[in-house]
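To start, the structure itself, in structure tokens.
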Amino acid sequence: MCAPDGDDRPQRADADGDARLDTPAEAVFAANEDPQRGISGTFVLTVKNTDVTEDRIYLNSERDYRHQLSLNVSLDAAQREALQKQLGMPLEYLVNRRLLVQGTARRTTIAFTHDGKPSGKYYFQTQLQVSDPRHVRFAP
């Protein structure tokens, strides 16, 4: 399988024909090539950090989620129990575990705020939004 747009570099594919990206860096570069649509496929990452906010769960491939090569898996916080059941362990135990995650990785603009208002400064983060915890499993 070859990459789109005349790029003849070989690209791995999963059983459904979607891309299979074996490193977070590959996912970040592919998502940056098409920031509007991102890249769909199966992504391999080792969890280096987990974070839970009021409304989101994050599984990050770098300790610093702002690192430019971090692939950040994002799920709705309401899915925490289902994700823990799917994986058989609490989120905190996922650090240093390799996962396979299906979805679409997209470059997302994150605005810095001051007193709740945008400061005009921002950075880009590559997020892999997951709507179904069954799309997250351990890598062999």
Task: Members of the stretch 51-70 found to be within 20 Å of GLU33 (Cα to Cα), of a type outside the set (Gly, Ala, Ser) and touching a residue at least 24 places away in the same chain (Cβ under 8 Å), listed by number - done: ARG66, GLN68, LEU69
Open item on the list: List the strands (runs of 3 or more DSSP E) inside the stretch 50-140, counting only whole elements, that have at least 2 residues being surrounded by fewer than 17 Cβ atoms within 10 Å (Cβ to Cβ) and among the aromatic types (Phe, Trp, Tyr).
Closed with: 117-129
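Quick one: is PRO4 closer than 26 Å to TYR123 by Cβ, surrounded by fewer than 18 Cβ atoms within 10 Å (Cβ to Cβ) and modelled with pLDDT under 95?
Values: closer than 26 Å to TYR123 by Cβ: no; surrounded by fewer than 18 Cβ atoms within 10 Å (Cβ to Cβ): yes; modelled with pLDDT under 95: yes.
When the stated conditions are applied, PRO4 does not pass them.
Select from the stretch 14-45 the residues that are assigned to a strand (DSSP E or B) and open to solvent by 40 Å² or more (accessible area, probe 1.4 Å) and write down the one among them that is modelled with the lowest pLDDT.
Of all residues in the stretch 14-45, those assigned to a strand (DSSP E or B) come to 19-21, 39-45.
From the residues that got through so far, the ones that are open to solvent by 40 Å² or more (accessible area, probe 1.4 Å) too are 20, 40.
On the way: ARG20: 75, SER40: 92.
It comes out as ARG20.
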Open item on the list: So, in the stretch 111-135, exactly how many residues are touching a residue at least 40 places away in the same chain (Cβ under 8 Å) and within 22 Å of ARG66 (Cβ to Cβ)?
Closed with: 8
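The values are calculated or read from the model by the stated rules, or taken from the named source; none is laboratory data. Since this is a predicted model, take the numbers as computed values, not measurements. Neighbour counts are summed over all protein chains in view; Cβ atoms, including those assigned to glycine, are modelled from backbone coordinates with ideal geometry. In case anyone asks, the SASA skips ligands and DNA or RNA and just uses the protein heavy atoms, side chains included. Shrake-Rupley method; radii C 1.70, N 1.55, O 1.52, S 1.80 Å.
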